[in-house]
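The values are calculated or read from the model by the stated rules, or taken from the named source; none is laboratory data. Please read all numbers here as calculations on a predicted model, not as lab measurements. As a convention, Cβ positions derive from the backbone with ideal geometry for all residues, glycine included, and neighbour counts pool all protein chains shown. Heads up: the accessible areas ignore ligands, DNA and RNA and are worked out on the full protein's heavy atoms, side chains in. Shrake-Rupley method; radii C 1.70, N 1.55, O 1.52, S 1.80 Å.
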Amino acid sequence: MVEAQGQYARQSSQFLALYTLAWIGGSVAYVPFLTVLLPARVSELAGSSAVDWLAYVSFVGAIAASIANIGFGWLSDRVRNRRAVALAGLFCSSVFLVSLGSVERFSTLLFVIALWQLSLNMMLSPLAAWAGDCVPDLQKGRLGGLLSIAPAVGAIAGIIVTIPGLANSQERLWILALIVTVCVLPAIVFARPHAFPGLMVSSISGGARSRGRIPVSGSVIRMWLARLLIQITEVALFAYLFLWLRSLSDAVSDNATAWVYSTVLLAGIPLAMLAGRWADHRDKPIVPLAACAAVVAVGLLLMGLAENLALALAGYLVFGIGGAVFLALHSAQTLRVLPRPERRGRDLGLFNLTNTIPALIMPWLTLALVPVFGFGGLFFLLSALAIAAFLVLFTMGAQLEG
């Protein structure tokens with residue numbers, strides 16, 4: 001662990017609260033739009049061609065997000081002002097989000113989506129790196145627990161803005177932009193984090209094993225690979241959860257699916273907080289990650305074996321909670337392994353590829369597997385990937401203990 005310098009041993013609760021609020025705003029900025037509002041808008045514009053339109057829009061958006069997250073992370077490293085870059089991203093992403101409501105042509109939609117993804121990641125990338133600059137290692141687990149709140153609130157925001165009669169399609173975008181601004185702006189303007197100079201010291205040699213400090217050699221690759229494997233499983237279920245549940249029961253509605261998804265994320269919050277605090281207290285940052293990967297694998301096995309809705313929902317509950325806790329804790333613990341603070345933003349952008357690469361490959365993999373082997377075959381394959389993630393992290397933790 002990087003020991004605190006000066007009078008502070010821990011980051012202030014005020015900063016952690018404001019940062020968590022900002023991260024919630026980041027989730028609200030894209031979860032409701034990508035899962036509900038964008039597909040609905042594409043359906044209005046494209047009609048029977050909506051599936052093709054959405055595939056192209058998603059592909060272009062993922063490419064733009066990948067480039068922007070690395071590029072603006074690098075920019076925030078160079079200018080050494082995370083807040084200014086994030087503020088610019090907040091403004092630009094809000095403008096482009098609202099402008100999407102008036103788009104009528106496919107080519108224009110592609111162009112504006114690309115600009116929105118670029119500006120959204122102009123906000124998200126420096127925010128992610130800012131936590132690495134300000135939160136010491138002994139609070140990384142707590143940080144991960146707090147970050148688990150964001151996806152749940154993002155999902156709930158999608159439910160709220162789509163309440164029948166609340167707002168039309170254009171007004172929904174304005175509501176989202178307002179919520180994001182209210183969440184993110186206080187951290188940028190009012191947060192006054194304690195300084196931890198030790199967090200800005202390079203550990204590129206990777207030699208020291210002071211308390212809580214993960215050796216650099218090999219750990220970055222292991223953490224990247226483990227997240228990629230788990231994210232592949234998450235993306236597959238994110239896109240095809242509704243279709244899978246409907247294949248088991250015609251009584252499943254889209255609204256019921258949304259509530260299942262939100263419930264799983266909410267249930268993961270207290271577990272992520274408990275696991276994060278345990279990791280901080282016991283100084284075992286990798287153990288909860290390995291355990292969560294194993295839980296994800298078990299959940300996917302249950303889903304693969306499910307022949308009725310009850311077992312399917314039980315398996316998804318296990319899978320979803322394990323995945324939610326894993327991703328939240330992993331986001332925080334990744335900050336431990338990055339060896340060079342002066343390029344932390346850029347390196348986190350490279351880690352963000354674990355979010356975008358699965359979005360590019362999973363639709364094609366699913367289309368190849370499901371027609372031949374069914375959803376069960378897909379889930380068994382995904383379970384094998386989760387087991388591989390567990391082994392990667394388990395051996396990593398064993399090396400640290402040794």
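Largest accessible area first, the listed residues H194, H281, H330 line up as H281, H194, H330 when surface is computed with a 1.4 Å probe on the assembled protein chains.
With every protein chain kept in place and ligands, DNA and RNA left out, what is the accessible area per residue of segment 267-306? Probe 1.4 Å, answer in Å².
Values: 1700 Å² over 40 residues.
Here the residues of segment 267-306 average 42 Å² of exposed surface.
Working from label points 7 Å from Cα in the Cα-to-Cβ sense, the L274 to E307 distance is 3.4 nm.
Measuring nothing but how far apart in sequence close Cα pairs (under 8 Å, 6+ apart) lie, relative to its length, segment 1-149 scores a relative contact order of 36 percent.
Distance between the pseudo-spin-label points of A368 and L243 (7 Å out from Cα toward the beta carbon): 1.6 nm. Computed with a 1.4 Å probe over protein heavy atoms only, the accessible area of C292 comes to about 20 Å².
With bins 20 Å wide beginning at 0, the percent of Cα pairs of the chain falling in each bin runs 28, 60, 13, 0. Nonpolar atom fraction for the chain, defined as the carbon and sulfur part of the 1.4 Å probe accessible area, stands at 68 percent. Within segment 263-306, all pairs of alpha-carbon atoms sorted by distance into 10 Å bins from zero give the percentages 26, 44, 25, 5. Between D52 and L317, the FRET efficiency from the beta-carbon distance, with R0 = 45 Å, is close to 0.85. Over segment 106-192, the Kirkwood radius and the radius of gyration, each from Cα atoms, give a ratio Rg/Rh of 1.04.
Report the charge-dipole magnitude of the chain in Debye, nearest 20, computed about the Cα centre from +1 at each Lys and Arg Cβ and -1 at each Asp and Glu Cβ. Numbers along the way, then the final one.
Numbers: 25 positive and 17 negative charges, 261 e Å.
Result for the chain is approximately 1260 debye, rounded to the nearest 20.
Among F190, F91, F33, the largest mean-square fluctuation in a Gaussian network model of the chain, built with springs joining Cα atoms closer than 10 Å, belongs to F190. Comparing S76, S48, S66 in a Gaussian network model of the chain (Cα springs below 10 Å), the most mobile by mean-square fluctuation is S48. Using R₀ = 45 Å, calculate the FRET efficiency as 1/(1 + (r/R₀)^6) where r is the Cβ-Cβ separation of S43 and M200; round to 0.05. That gives a FRET efficiency of 0.40. Annotation for A17 and L178: the two label points, set 7 Å from Cα along the Cα-Cβ direction, are 2.4 nm apart.
Membrane-span-like helices of the chain, defined as complete DSSP H segments with a Cα extent of 30 Å or more along the helix axis and a mean Kyte hydropathy of at least 0.5, are identified as 50-79, 106-134, 169-190, 219-248, 309-337, 344-401. Look at the dipole of the chain built from charges on Cβ: of L335, L176, G374, the Cα furthest out on the positive end belongs to L335.
In the chain, the calculated helix contribution to ellipticity at 222 nm averages -27500 deg cm²/dmol per residue, counting -39,500 (n - 2.57) for every DSSP H run with n ≥ 4. Computed over segment 67-156, the P(r) tail beyond 14 angstrom holds 69 percent of alpha carbon pairs. Using a probe of 1.4 angstrom and keeping all protein chains present, the accessible surface of segment 1-120 works out to 47 square angstrom per residue. Extension gain for the segment I361 to A9, taken as residue separation times 0.36 nm less the Cα-Cα distance, is 122.4 nm to one decimal. Taking every C-alpha pair closer than 8 Å and separated by at least 6 residues, the mean separation divided by the residue count of the chain gives a relative contact order of 27 percent. If r is the Cβ-Cβ distance from E104 to I163 and R0 is 22 Å, what FRET efficiency results, to the nearest 0.05? FRET efficiency, E104 to I163: 0.30.
Legend: residues L271, L143, sorted from most to least accessible area (1.4 Å probe; ligands, DNA and RNA excluded), read L271, L143. Take the Cα of S253, go 7 Å toward its beta carbon, and the backbone nitrogen atoms of segment 152-188 under 12 Å from that spot belong to 164. With q set to 0.16, 0.22 Å⁻¹, the log10 of I(q)/I(0) for segment 321-376, from the Debye formula over equal scatterers at the Cα positions, is -0.68, -0.91. Loop-located trypsin sites (Lys or Arg not before Pro) across segment 33-136 with a Cβ neighbour count of 15 or fewer within 10 Å are R80, R105, with loop assigned by DSSP. When the chain is treated as a Gaussian network with alpha carbon springs shorter than 10 Å, the biggest mean-square fluctuation among M223, M362, M273 belongs to M362.
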